[in-house]
Amino acid sequence: MSAVPAPQSGAVPGRARGFLSGAREIDDAVVDMRGALPSWLAGTLLLNGPALWELPGGRLDHWFDGYAMWHALRIDGAGVRYRSRFCESESYRRSVTAGAPVYGEFGTANPAGLLARLKGTKVTDNPAVVMSRHGERWVSVTETPSLTYFDPQTLQTQERLDLGRRDEAMHLMSAHGFTLPDGSYLNVATALGPKCEMKLFRLAPGATQAQVIARIRMPKSGYTHGFGLAPGHAVVWETALRAQPLAFRFGARSYADNFRWEPTHGSAIHAVALDGGAVRSWRVPPMMAFHATQAWADGADIVLEMAIYDDGTVFDDLRLERRRAGLPLRSTMRHVRYRLRDGRGETEPEDVGGPAIELQQVHPARIGRSRARVCWGAGNGAHGELFECTHRLDLDSGAVATWRRADATQLEPLFVPRPGGADDDDGVLFVPTLADADETTVIDVLDARTMDCLAELRTPQIVPFGFHAAFSGVQRPTG
């Protein structure tokens, strides 16, 4: 099934075209490569994100809402080839058939009538955010408790696994799960009710039922997009954007509008032991967050680095109308570090130093094992421009290196390590970009240490702005 997007009304200039519907499903196309890729680099770069916001009888309102499209760039000795496919989620299929959105999405109200909502609101399965592995299989997810399996080569949608069930309620789920060394999928789900419960769970390879490791109870759960992984521990935070359970279960408002900024009771960070589920908690000042940079053990302490916001304005900043108009961001992020000291119940954020970053990356071998000494991320402009540069931060020395394409939006810098490399920055970054004058998306391949651009991969169409990427395949070893 392939949807034909409704024509756009009005002109959307320059780089803001990345927020437009219009991407096509393409079976196989040559990617125009300029420059040279490292000889060791081979595999498939996977991109995920929203690609369709307009239907003949209605539209979606938020950047996060668009129906998911997967993009694959296959890299081998013969060059680079491109493929794209819409995810055949229930939300996509039913909405395209109806000619209008059928489910509420992150920033779009639920179109279901009152009677249908009283029977229990059905939530979207539109997996436009993160791609992970469960065992040897690839899954795509959003912030609801379902996993959509797909083939990373053909991009064909496979089955969907719904994790919420009557004996183990799960209504919401973090978009950012982790794949453990044994192939298990680790994530955090939330059950809404008079008392909310966050559940750290493990899904073993091949399993269809989650094993709950720990439960964290609270009056109102916070918005949860991600969490951290330290040696032996999951590090889960509560934001001060608090869920309104009745509104979620029966209301017509969008997902985002069912959270309310409630700073009075602050926020919290919980360290959950993966072996046994023991929970230690620390109160922190009110904050909102999407992504952790990393977490690690420092003696008996656990240290968490992350990007935080001082309120929930960022949700409104990323509404489609504002982004297509290129309006400046009003929210500001900070890159901070929390030291979670054993025996204490509170902690304060400390600035990491250097520029603020989002969509943070570290060497994947460090995650859950040891501290990374280098990280990368997308930086906003001095006048509120969204993601106008890519930063490299040396977390030991504080040195910063910045790479910019002129007049361009630069998305998540995906780090791919060189096989056999020992250093935290021995590898390349894939940075999807769109400049005002570009005819198509340009994926720049940078040396992760020097931040020099090695190659440009020019896709056969504009890839609508997404959030996260992944790399599938084993790189050729070097001598």
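The values are calculated or read from the model by the stated rules, or taken from the named source; none is laboratory data. This one's a predicted model, so the numbers in the text were calculated from it and none came from an experiment. Here Cβ is always computed from backbone atoms with ideal geometry, including for glycine, and neighbour counts include all displayed protein chains. Heavy atoms of the whole protein, side chains included, go into the accessibility calculation; ligands, DNA and RNA do not. Shrake-Rupley method; radii C 1.70, N 1.55, O 1.52, S 1.80 Å.
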Residue list for the stretch 417-431, restricted to those being open to solvent by 20 Å² or more (accessible area, probe 1.4 Å), closer than 26 Å to His71 by Cα and not basic (Lys, Arg): Pro417, Pro419, Asp426
Output the residues belonging to the stretch 191-209 that are at pLDDT 95 or above and in contact with an Asp or Glu (Cβ under 9 Å, 6 or more places away or on another chain). Met198, Lys199, Phe201, Ala204, Pro205
Some residue of the stretch 290-303 being touching a Lys or Arg at 6+ places or on another chain (Cβ under 8 Å) and closer than 29 Å to Pro50 by Cβ: yes
Please work out which one of (1) in contact with a Phe, Trp or Tyr (Cβ under 6 Å, 6 or more places away or on another chain); (2) closer than 30 Å to Arg59 by Cα is the condition Val303 fails and give its number. (2)
Counting only residues that are part of a loop (DSSP other than H, G, I, E, B), hydrophobic (A, V, I, L, M, F, W, C) and open to solvent by 10 Å² or more (accessible area, probe 1.4 Å), how many does the stretch 452-472 have? 3
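Do the conditions hold for Ser174, that is, is it in contact with a His (Cβ under 7 Å, 6 or more places away or on another chain) and closer than 22 Å to Gly276 by Cβ?
Numbers: in contact with a His (Cβ under 7 Å, 6 or more places away or on another chain): yes; closer than 22 Å to Gly276 by Cβ: yes.
In short, yes.
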In the stretch 357-394, how many are assigned to a loop (DSSP other than H, G, I, E, B), closer than 26 Å to Glu238 by Cα and open to solvent by less than 30 Å² (accessible area, probe 1.4 Å)? 7
Give me the pairs: first residue in the stretch 198-218 and under 15 Å from Gly164 (Cβ atoms), second residue open to solvent by 70 Å² or more (accessible area, probe 1.4 Å), beta-carbon distance under 6 Å, and six or more apart or on different chains, which are they? Lys199/Arg215
Quick check on my filter: what residues within the stretch 203-226 are assigned to a strand (DSSP E or B) and surrounded by fewer than 17 Cβ atoms within 10 Å (Cβ to Cβ)? Gln211, Val212, Arg215, Arg217
Given the residues Arg74, Arg81, Arg17, Arg24, which is the only one that is open to solvent by less than 60 Å² (accessible area, probe 1.4 Å), touching a residue at least 24 places away in the same chain (Cβ under 8 Å) and either among the charged types (D, E, K, R) or not in a strand (DSSP E or B) (or both)? Arg17
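Any residue at all in the stretch 301-310 that is in contact with a Cys (Cβ under 9 Å, 6 or more places away or on another chain) and either touching a residue at least 12 places away in the same chain (Cβ under 8 Å) or crowded, with 23+ Cβ neighbours inside 10 Å (or both)?
yes
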Quick one: which residue in Leu411, Leu434 is of a type in the set (A, V, I, L, M), within 28 Å of Thr179 (Cα to Cα) and open to solvent by less than 30 Å² (accessible area, probe 1.4 Å)? Leu411
Evaluation of Phe106 against (1) in a loop (DSSP other than H, G, I, E, B); (2) exposed (fewer than 14 other Cβ atoms within 10 Å of the Cβ); (3) touching a strand residue (DSSP E or B) at 6+ places or on another chain (Cβ under 6 Å) (one fails), failing number: (2)
Any hit, the stretch 38-53, residues being crowded, with 21+ Cβ neighbours inside 10 Å, without any contact (Cβ under 8 Å) to a residue 60 or more places away in the chain and on the phi < 0 side of the Ramachandran plot: yes
Looking at the stretch 312-340 only, could you name the residues that are out of contact with any Ser or Thr (no Cβ under 7 Å at 6 or more places or on another chain) and part of a loop (DSSP other than H, G, I, E, B)? Gly312, Leu318, Ala325, Gly326, Leu327, Pro328, Leu329, Thr332
